[in-house]
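As structure tokens, the structure follows; a few thoughts come after it.
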Amino acid sequence: MQQLSLPLDLPDCKVMNTNWFQEMLAILGVRQEPGWIDDFGKYLRQYFSQNKHTPIKTLSLFSGGGGLDIAFHDAGFDIVEMVEIEAKYIQTLQHNSLPGKLLEGSKPTCIDIREYLPLFDFKIDFIIGGPPCQTFSAAGRRAAGVLGTSDVRGTLFQEYVRILRALQPLGFLFENVYGITGANKGEDWQNIQEAFREVGYKIYFRILDAADYGVPQHRERLFIIGLKEAEYLFPYPTHGMDSLNQQPYYSAGQAVKGISTLDVETGLNGRYGHLLEHIPPGLNYSFYTKEMGYPNPIFSWRSKFSDFLYKADPQNPVRTIKAQGGQYTGPFSWENRKFSISELKRLQTIPDEYELVGNRQVVIEQIGNSVPPQLGRILALSILDQVIKVKLPFSISYLPQNKKLGFRQRKRELTEIYQQKAKSAILDLKKQGKILSAPSSISTEQGETVRFLSSDFAWRKKVTTTACKVYITYDLNDKHWLIKASLNQNWQEHEKYIIDIHPAYGHEEWVIGTNVVKLYAYDLDIRIFTSVWKFLEEKLNEITGKADLVQLSGYYQYSPKIRGKMTFHPKEEVNNFWRVIQSVTNGVGISAQLSVTELAEKWDVDAEEIFCYLKSLRMMGYEVRSHNTNSQIPKGKYLIPYTFPTLNPKSVQLRKSL
């Protein structure tokens, strides 16, 4: 085995062997072919079974579907108990702990960690696990900023600390999203570090990308190794540009080659399903934006999550697999379909033989919440080597403490590559005449029609007995868009109010083709208010191809591209409720987290009436967020993202309560 001398500028690093991982594979007898990672785990188990050493008694906390447990079990750790609150995940742990199964002999325990009292008649050597991470996640930051440890899920690390204090193991591995380091301006991160130190542990931490360690998935997570005595360095990446021998990433295409796809159908249904086909592998909905060069943009920049209509690239690792998602949440296969469960397991490096229990969504939750076992195995081996002092038949090369990894820079470079890829794909679609069409100019369209608005904000053309019948007249041309709505076929003498919509400053050119849009309401009724916006959205989609009003206005954290002005007829006597609606339509109290007092001041109403008004806005189809709907929002604060109603039957917010 070739050994290289340690460079003089890396005095704190062990002697490095540039081919250490390839030699490890050779010693274990692993050939790098589709499914090789399963062989890696299997041959590791065989090695530790044949070369018996003192069992490393390990407690697993927040075990989920068992990703870390697989990893540490394969590396010779004895997982004596797995603590998990979700009964649906416990079923997976129980099944795989049966005789002959991968985690045979482990004890799954279904309990809230806050009620768990660890009682062992032997010493626990090591603890592994990471608490739920939603309060620190990117989704959390996007929803409303990071709340961090002020949320109950963010304080679960304190239970981790409690158990460390009680058991005093040699060390622990704690995993979480990297957003934990920036929560509450970094204060939470300092508190977490101090809490671990107070119970006797020196901590070592790094943000690692799973793709750097042989996982066919880019997944950046924070790993903390806490130790009583030993020193620790993280292992060098086994793959990618930061690996010592520049080993190429294990690609998604290689990982799923030959695996079963019997449980999925080609294509994607629903309103946006047809869009998937033309998206180049590696891109998402943003392919259909102005910024990417699409001639007839359907979406606004950053108006959706990055995994919306995300199609995986077979030549590269996929982006992070999410535990939760909607109909259009990727990754989707480059074959224009959903990935099968077997493929998703491969992309997460969960062994083929490991059986995840539950329906498709429950299984995906377990996959998306897991630490990829292959990354976990490399970390477990590094702990065996440095902490437990087990003599291994191969060497491991370690990162110097000050060595920076380059995955963030590569992510930026990849963005540029995909922008060029989008440009090429658009040129090809133009040549083939497959660019989704939108009228270059608006021909005159006018008429009378009827629509039906349901309580879940479904908007239909067909008769629905439980829905509200709405009469509509419209006149759309290149000079103006005029939309009028009434609950009665015998229209009132005059409108109750008009909503003027126009481009915001700096966005004088917009896709509608006219700068005059007027919505007329002939009844002072919340259903009519919602209806005029719904019909505008319907025509916006039909004529311009824009998916919805959000795409016209842009994502709420950016400056809006449209402005509204609501004006009541001079003869109308208007109460405070409608004055609040007028304020919201005009952009007052929008797109910011505000307290009851702040909203009352902005809307010029009594503070005790605010919650009633907020509930009424929800009844009109407005998305109103609070701590109850989005735990990242502090208690007592409320957020109304847009000046117009956006809820529809598929909205996640519709199923939440203020």
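The values are calculated or read from the model by the stated rules, or taken from the named source; none is laboratory data. As the structure is a prediction and not an experimental result, all values here were calculated from the model. So basically every Cβ, Gly included, is an ideal-geometry build from the backbone, and we count neighbours across all protein chains shown.
Scanning the range 69-83 for any residue that is in a loop (DSSP other than H, G, I, E, B), at pLDDT 95 or above and more than 24 Å from residue 222 (Cα to Cα) turns up nothing. Of all the numbered requirements in (1) in contact with a helix residue (DSSP H, G or I) (Cβ under 6 Å, 6 or more places away or on another chain); (2) charged (D, E, K, R); (3) closer than 19 Å to residue 263 by Cβ; (4) part of a loop (DSSP other than H, G, I, E, B), residue 335 misses one, and that requirement is (1). Of the residues making up the range 598-617, at least one is modelled with pLDDT of 95 or more, within 16 Å of residue 641 (Cα to Cα) and of a type in the set (Ser, Thr, Tyr). In this structure, residue 153 qualifies as modelled with pLDDT under 50 and in a helix (DSSP H, G or I). Screening 601, 609 for residues that are without any contact (Cβ under 8 Å) to a residue 24 or more places away in the chain, in a helix (DSSP H, G or I), out of contact with any Phe, Trp or Tyr (no Cβ under 7 Å at 6 or more places or on another chain) and farther than 30 Å from residue 513 by Cα leaves exactly one candidate, 601.
Just give me the residues in the range 231-254 being more than 12 Å from residue 333 (Cβ to Cβ) and not in a loop (DSSP other than H, G, I, E, B), in sequence order. If the condition is that a residue be more than 12 Å from residue 333 (Cβ to Cβ) and not in a loop (DSSP other than H, G, I, E, B), then 235, 254 are the ones that fit.
Just a yes or no: is a residue in the range 543-550 touching a strand residue (DSSP E or B) at 6+ places or on another chain (Cβ under 6 Å) and modelled with pLDDT of 90 or more? No. Taken together, the residues in the range 401-435 that are part of a helix (DSSP H, G or I) and either in contact (Cβ under 8 Å) with a residue 12 or more places away in the chain or not acidic (Asp, Glu) (or both) amount to 23. Name the single residue, out of those in the range 80-109 being of a type in the set (Val, Ile, Thr) and in contact with an Asp or Glu (Cβ under 8 Å, 6 or more places away or on another chain), that is farthest from residue 163 (Cα to Cα). Within the range 80-109, the match that is farthest from residue 163 (Cα to Cα) is 92.
Can you name the residue in the range 458-499 that is among the basic types (Lys, Arg) and buried (at least 19 other Cβ atoms within 10 Å of the Cβ) and, of all such residues, is farthest from residue 518 (Cα to Cα)? Among them, the one singled out is 496. Look at the range 168-186: where a residue is closer than 27 Å to residue 388 by Cα and a partner is crowded, with 17+ Cβ neighbours inside 10 Å and at pLDDT below 85, sitting 6+ places away or on another chain with Cβ atoms under 6 Å, you get 176/133; 177/133; 177/136; 177/137. Filtered by the rule that a residue be surrounded by 20 or more Cβ atoms within 10 Å (Cβ to Cβ), on the phi > 0 side of the Ramachandran plot and free of Cβ contacts under 8 Å to residues at least 60 places away in the same chain, the range 257-315 gives a lone residue, 309. Of the residues making up the range 531-544, those that are closer than 18 Å to residue 480 by Cα, out of contact with any Pro (no Cβ under 6 Å at 6 or more places or on another chain) and crowded, with 20+ Cβ neighbours inside 10 Å number 7. Restricting the range 631-640 to residues that are surrounded by 20 or more Cβ atoms within 10 Å (Cβ to Cβ) and part of a loop (DSSP other than H, G, I, E, B) leaves a set whose member that is modelled with the lowest pLDDT is 631.
Just one of the listed residues (551, 557, 582) is over 23 Å from residue 498 (Cβ atoms) and buried (at least 17 other Cβ atoms within 10 Å of the Cβ), and it is 551.
When the residues of the range 186-230 are filtered to those that are out of contact with any Asp or Glu (no Cβ under 9 Å at 6 or more places or on another chain) and assigned to a loop (DSSP other than H, G, I, E, B), the one that is surrounded by the fewest Cβ atoms within 10 Å (Cβ to Cβ) is 229.
The set of residues in the range 573-598 that are touching a residue at least 12 places away in the same chain (Cβ under 8 Å), over 26 Å from residue 504 (Cβ atoms) and either in a helix (DSSP H, G or I) or not assigned by TED's automatic domain parsing to the domain that holds residue 630 (or both) comprises 576, 577, 596.
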